[in-house]
Every structure is written in C-alpha cells, then in structure tokens.
Amino acid sequence: MKIDSNRSIGFTLIELLVVISVIGMLAAIILVSLNSARAKARDARRIADVQQIYKALELYYLNNGSVPSCSNGGYAGGCDFVNPAFVGAADSTQDGQFLPFLSSYTSNAIRDPLNRSPHYYIYAATNVQFPAGSGIRYVFLIAAILETRVPDNGIPSIPGYEQAYILGHLN
C-alpha cells in the first residue's frame, strides 16, 4: 500500500472561512432574537410594576383620602417630568426619587429596568387632566414607556408617547 506524500490531511482555507461565516450568521440571528425577547421581558416587568404601583396608590388613597402631588412641599425629588399631555405636575424615576410616600406599600424600590430616556415610570397626581383639553380628570395617573406594542387598557396614549402603558384613578 502506497501513501501519497503530496496530499495533506485537514481543511482548506475556503472550507474554514465558509464554516466561520455560517457560524457568524447563526450567532447574529440568535442575538437579534434574544434582544427582542429581552425587550418583551422588560416590558412585562414594566407592566407588572405599573400595576403594583397602581394598587399601592389605591391603598394609599383609601387610607389617607388623597395622594400627594410632587408639587407639594416635602415631596422628595419634586416634579421632574414635564409633558404637554398632562395638565398637572409629574414625577419620574429619572432622578432616583420616585414615590417616596409608597415605601410602606411596596416591597422593593420602584425603578424602570433601563431607567434612561425614554424609559422611566411617570406619576402625576392632584386632579391631573389627561389628555390635555379632554376634561377627563384623574386622582392620579401612573405610566411606563414600553419598548414594544402597548396592550389595550382603555386609556388613550400620550401624544408623542404612543408606547406608554397608563393606569389611572378617575376623579
């Protein structure tokens, strides 16, 4: 039996490049899929947080007969959110001081998963009108800006913030 000494055993450079490029394309596809799954997971957390905040605000309102406005003296952080869609002052998680009066009603710190523009939680209280000019007044509104489609909860979206998930207590 004669062995051909001119033939080498292994892969050619072309074969290696093809395999590497196929692996790269598969990795890119998987990363894109994971990013959309992560966005949906963050949105699910935002919706759950808004619902938890809403329930805590309801309890606070039932116990105290009102909810504080961020424009009231003594409200930590004050009003740090301005939007023409709201008639009234609003607070957000942007400054790290959000709904300090709810500490005994919530089990953890309330903060958006990303907490950078435009993703943060918004709280507006004390006879807030939404949308502006509608005449519809709320004792309070709580909102989160989602990354994906907003589920229909019967409340109109904020102009310019169509991805806002909003819950409110009618006045």
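The values are calculated or read from the model by the stated rules, or taken from the named source; none is laboratory data. A quick note: this is a predicted structure, and the numbers were derived from the prediction, not measured. Neighbour counts run over all protein chains shown; Cβ positions are idealised from the backbone, glycine included.
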>> Which count do you get for residues in region 80-118 that are hydrophobic (A, V, I, L, M, F, W, C) and assigned to a loop (DSSP other than H, G, I, E, B)?
In response: 9
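For (1) at pLDDT below 75; (2) under 17 Å from A48 (Cβ atoms); (3) surrounded by 16 or more Cβ atoms within 10 Å (Cβ to Cβ); (4) not aromatic (F, W, Y), each residue gets a yes or a no:
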{"position": "I136", "(1), (2), (3), (4)": "no, no, no, yes"}
{"position": "L146", "(1), (2), (3), (4)": "no, yes, yes, yes"}
{"position": "I158", "(1), (2), (3), (4)": "yes, no, yes, yes"}
{"position": "A164", "(1), (2), (3), (4)": "no, yes, yes, yes"}
>> Please verify whether A109 is closer than 28 Å to L146 by Cα, at pLDDT 90 or above, under 18 Å from the mean Cα position of the chain (by Cα) and hydrophobic (A, V, I, L, M, F, W, C), treating the condition exactly as stated.
In response: no
> Could you list, in sequence order, the residues of region 37-79 that are in contact (Cβ under 8 Å) with a residue 60 or more places away in the chain, of a type in the set (S, T, Y) and not in a helix (DSSP H, G or I)?
Replying inline: S66
> Can you name every residue in region 17-40 that is surrounded by 12 or more Cβ atoms within 10 Å (Cβ to Cβ), of a type in the set (A, V, I, L, M) and under 27 Å from the mean Cα position of the chain (by Cα)?
Replying inline: A39
> From V67, V50, V82, which residue is out of contact with any Asp or Glu (no Cβ under 8 Å at 6 or more places or on another chain) and more than 18 Å from H119 (Cβ to Cβ)?
Replying inline: V67
> Limited to region 80-118, what total is found for residues that are touching a strand residue (DSSP E or B) at 6+ places or on another chain (Cβ under 6 Å), of a type outside the set (V, I, T) and surrounded by fewer than 19 Cβ atoms within 10 Å (Cβ to Cβ)?
Replying inline: 2
>> Given the criteria touching a Gly at 6+ places or on another chain (Cβ under 6 Å) and without any contact (Cβ under 8 Å) to a residue 40 or more places away in the chain, does D91 qualify?
In response: no
